[in-house]
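Working notes, beginning with the structure itself.
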Amino acid sequence: MKAISEAALAATLDRLILCLMLLALAGVLTAAMGFQYLDGEIPCPLCLLERVAMFACCFGLMRQLRDGGSQRGAGVAMISAVLLLVISVRQTLLDVVPRPGHAYIGAAVFGLHMAVWSVLIAIALLIGFAVRLAVLGGPNWPSPAQSSTLARLSTGLGVYVAILCAINFISVLVQCGFGQCHTTGYALLR
Amino acid sequence: MMLAVFAFLALAFLLDFLGRSGPALICLAASLVLTLWLFAWEIYSPEYGFRMPWLQVELEQRPLLAGGA
């Protein structure tokens, strides 16, 4: 009986950690889109690629939340977090020395720009996955409890992130058209 | 190219919601491969290649301590 309750607790904690990661990423993506549409900050190509890595991480998290019997979703999310780290570190190194044509794009939040925040987010995600495996051991859930609050929250967050992805697709179409992306304006609105 | 990246990504989410996990994963993989290719293209410079010559480091000249271990 005690073993069953411990397994249930581990599964609930696991779901909670994954939900928090998804919530954090949804918040960051919403903030990035807020800066784009409300403040008129057009994202650079590397910023867009960072968004792609974040969306892919969300995809893995959503998959893991839906299918707790496999760790495939967590694997997808970890690969995406590494990709986010690689892109954001390179962009940070690109702009860390201000020179003509190269400087951080967009507003700084608490003194840090999007690229630097992305480095911190990627590291936080990887630490989160490591802690999840170290403490909980990657528990397998017997079957998803669809009626639980966490299950409803994860489903709602998944739908929200998918809508954000669709909006981003349309936004990229307007910004880049079928060619290169520029931060000078929206290609289809010229 | 960026449009193709986001198109595959959005398609992956759509297929995942429709319960087509296999094709969704393939679309996501296609999106990530295109992302890597576009990333390499974006950071490549005809002048510097993939190097970052604006990052310069030098060894600090420190006086040797007399009689140091």
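Across region A:81-95, rounded Karplus estimates of 3J(HN,Hα) from the backbone phi angles (6.51 cos²θ - 1.76 cosθ + 1.60, θ = phi - 60°) give 5, 5, 4, 4, 5, 4, 5, 6, 5, 5, 5, 4, 5, 5, 9 Hz, Gly and Pro being marked x.
Semi-axes of the equivalent ellipsoid for the protein assembly as shown, computed as √(5λ) from the eigenvalues of its C-alpha gyration tensor and ordered from largest down, come to 35, 27, 16 Å. Across region B:12-19, rounded Karplus estimates of 3J(HN,Hα) from the backbone phi angles (6.51 cos²θ - 1.76 cosθ + 1.60, θ = phi - 60°) give 4, 5, 5, 5, 5, 5, 7, x Hz, Gly and Pro being marked x. The relative contact order of region A:96-190 comes to 10 percent, based on Cα pairs under 8 Å that sit 6 or more residues apart.
Approximating the spin labels as points 7 Å out from Cα along Cα→Cβ, the B:Leu18-to-A:Arg152 distance works out to 2.9 nm. Shielding of peptide B:4-16 by partners, expressed as the average count of other chain Cβ atoms within 10 Å per residue Cβ, is 6. Taken one residue at a time, the phi angles of region A:163-177 give Karplus couplings (6.51, -1.76, 1.60, θ = phi - 60°) of 5, 4, 5, 5, 4, 5, 4, 5, 5, 5, 4, 6, 6, 9, x Hz. Gly and Pro are set to x.
Each value in this text was obtained by applying a stated rule to the coordinates, not by laboratory testing. Being a predicted model, the structure only gives us computed values, none of them experimental. Note that we place each Cβ from the backbone using ideal geometry, even for glycine, and neighbour counts take in every protein chain shown.
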